[in-house]
Amino acid sequence: MKINLNPNQNPASDADRAAKVAAGGFGKYYTDNLVIAEWSEATGWGDAELRAYGPIAMDPATSVLHYGQEIFEGLKAYSQPDGGVSLFRPEANAERFRKSAIRMALPELANEDFVATVEALVRQDIKWVPQNVGESLYIRPFMIATEVGLGVRPSNHATYVVITTPASAYFNPNKAVTVWISTEYVRAAPGGTGAAKTGGNYAGSLLAQKQAAAEGCDQVVWLDATERKWVEEMGGMNLYFVKGKGADATIFTPKLTGTLLAGITRDSILTVAKDLGYKVVEGMISTDEWRDGIASGEITEIFACGTAAVVSPVGAAKSAQGTWVTGDGNPGPITMQIRETLLGIQHGTIADTHGWNKRVS
Ligand SMILES: *Cc1c(COP(=O)(O)O)cnc(C)c1O
């Protein structure tokens, strides 16, 4: 895919950009440029264009607006100690984007085109990458069905776009979150779209998120659709349970059954935890086992993980069955060790022994 560079001729001033980067948060401000490419069934992918960030005009009958045929990704660019910038495992995002496209009957974008377009945009807007550890430039590639018409069928046109936004820590890492275990609503069912990163999964989750907030919780924990007892994920993040303490601890995460989203952070932590000497297990954990593990003291820490927040400690879980506090309710030592290790690798202060960082400058 050729990328035609037609950058914004009116980029933010140094002062404006610095203020926007310093404002932190998540998704408040967008950088000067975007990348866009169009696909049609007849001609395949056209060239990509890097151009000024701005609205995308659409016919009101554009299919994504009606039937939600869309996919997205989330990855980050991190500043490095030498002043350079690295992407964290962009090939893994490219691969997942392709798999999501297949599930949602959208065209596949070659992994190398995904990575090249992301790199081109980050290079162009490199001054927007925040400098502090824990901060990053969040990159949001997405693809939408852009055939005009209300007929229900896989779209014969698609639009691929990449946008970027400076991000500070999504959650406060030092404050554990409280989760609501939803038995009323499910995120994903066997045969459904749970393993694809698609907006509809999120749209369907928002009512449960509202319910969680009404229960005084920060996030929803999803159970399996069939038995409503097996723990799957938390909001848009995967979950980890620490069993035992110290060097003998086991790091446990729900296995990928086809209804979970295969997080790249989840996958990275499987490796990082092993590197740190812990036993790592992927399996099934029921809500009864969660309750009993807390009661007996076997479960010592719980955390969620994803690109946006990296690692987020879970201090307590609330459900119709009661409230289960993890340890003393504060972030645990292994959670913080894994967080610091992964952030260290991403920011280039800890050796990247698995070749995860891809330098863009
Ligand atoms: C994106 C996402 C995750 C986390 O994936 P990462 O690759 O680690 O960012 C987990 N669960 C859901 C539902 C997601 O959409």
- Considering residues that are in contact with a helix residue (DSSP H, G or I) (Cβ under 6 Å, 6 or more places away or on another chain) and either more than 16 Å from the ligand (Cβ to nearest atom) or acidic (Asp, Glu) (or both), the number found within the range 231-248 is 1
- Item | Count of residues meeting criterion [touching a Ser or Thr at 6+ places or on another chain (Cβ under 8 Å) and buried (at least 22 other Cβ atoms within 10 Å of the Cβ)] in the range 279-305 | 6
- Inspect all residues belonging to the range 112-131 and state whether any of them is of a type outside the set (D, E, K, R) and under 29 Å from GLY216 (Cα atoms). no
- Message: Could you check the range 291-319 and list, in sequence order, the residues that are of a type in the set (A, V, I, L, M, F, W, C) and in contact with a Pro (Cβ under 6 Å, 6 or more places away or on another chain)?
- Response: PHE303
- Message: Which numbered condition in (1) within 16 Å of the ligand (Cβ to nearest atom); (2) among the hydroxyl-bearing types (Ser, Thr, Tyr); (3) in contact with a Gly (Cβ under 8 Å, 6 or more places away or on another chain) is the only one that SER63 fails?
- Response: (1)
- Show the residue pairs that are 6+ apart or on different chains and have beta-carbon atoms under 7 Å apart, the first residue being within the range 53-70 and more than 22 Å from TYR202 (Cβ to Cβ), the second being in a strand (DSSP E or B). TYR53/ASN33; TYR53/LEU34; TYR53/ILE163; ASP59/VAL148; ALA61/VAL148
- Query: Hey, any hits in the range 87-100 for a residue that's surrounded by fewer than 14 Cβ atoms within 10 Å (Cβ to Cβ) and free of Cβ contacts under 8 Å to residues at least 60 places away in the same chain?
  - Reply: no
- Residues being in a loop (DSSP other than H, G, I, E, B) and exposed (fewer than 12 other Cβ atoms within 10 Å of the Cβ) - total across the range 1-24: 4
- Breaking point among (1) within 16 Å of the ligand (Cβ to nearest atom); (2) part of a helix (DSSP H, G or I), for THR164: (2)
- Item | the range 183-229, residues that are more than 15 Å from ALA320 (Cα to Cα), among the basic types (Lys, Arg) and in a loop (DSSP other than H, G, I, E, B) | ARG187, LYS197
- Restricting attention to the range 331-346, which residues are away from the ligand (no atom under 16 Å from the Cβ) and either in contact with a Gly (Cβ under 7 Å, 6 or more places away or on another chain) or under 16 Å from LYS76 (Cα atoms) (or both)? GLY344
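Table: residues versus (1) touching a Cys at 6+ places or on another chain (Cβ under 9 Å); (2) touching a residue at least 12 places away in the same chain (Cβ under 8 Å); (3) among the aliphatic types (A, V, I, L, M).
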| position | (1), (2), (3) |
| --- | --- |
| PRO141 | no, yes, no |
| ILE144 | no, yes, yes |
| LEU150 | no, yes, yes |
| ARG153 | no, no, no |
| TYR160 | no, yes, no |
| ILE163 | no, yes, yes |
| SER168 | no, yes, no |
- Message: Looking at the range 177-190, I want the residues that are small (Gly, Ala, Ser) and have a partner that is assigned to a loop (DSSP other than H, G, I, E, B) with Cβ atoms under 8 Å, at least 6 apart or on another chain. Which pairs are those?
- Response: ALA188/GLY194; ALA188/ALA195; ALA188/ALA225; ALA188/THR259; ALA188/LEU260; ALA189/ALA225; ALA189/THR226; ALA189/THR259
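No lab work stands behind these numbers, since they all come straight from the coordinates. All values derive from a computational prediction rather than experimental measurement. Neighbour counts are summed over all protein chains in view; Cβ atoms, including those assigned to glycine, are modelled from backbone coordinates with ideal geometry.
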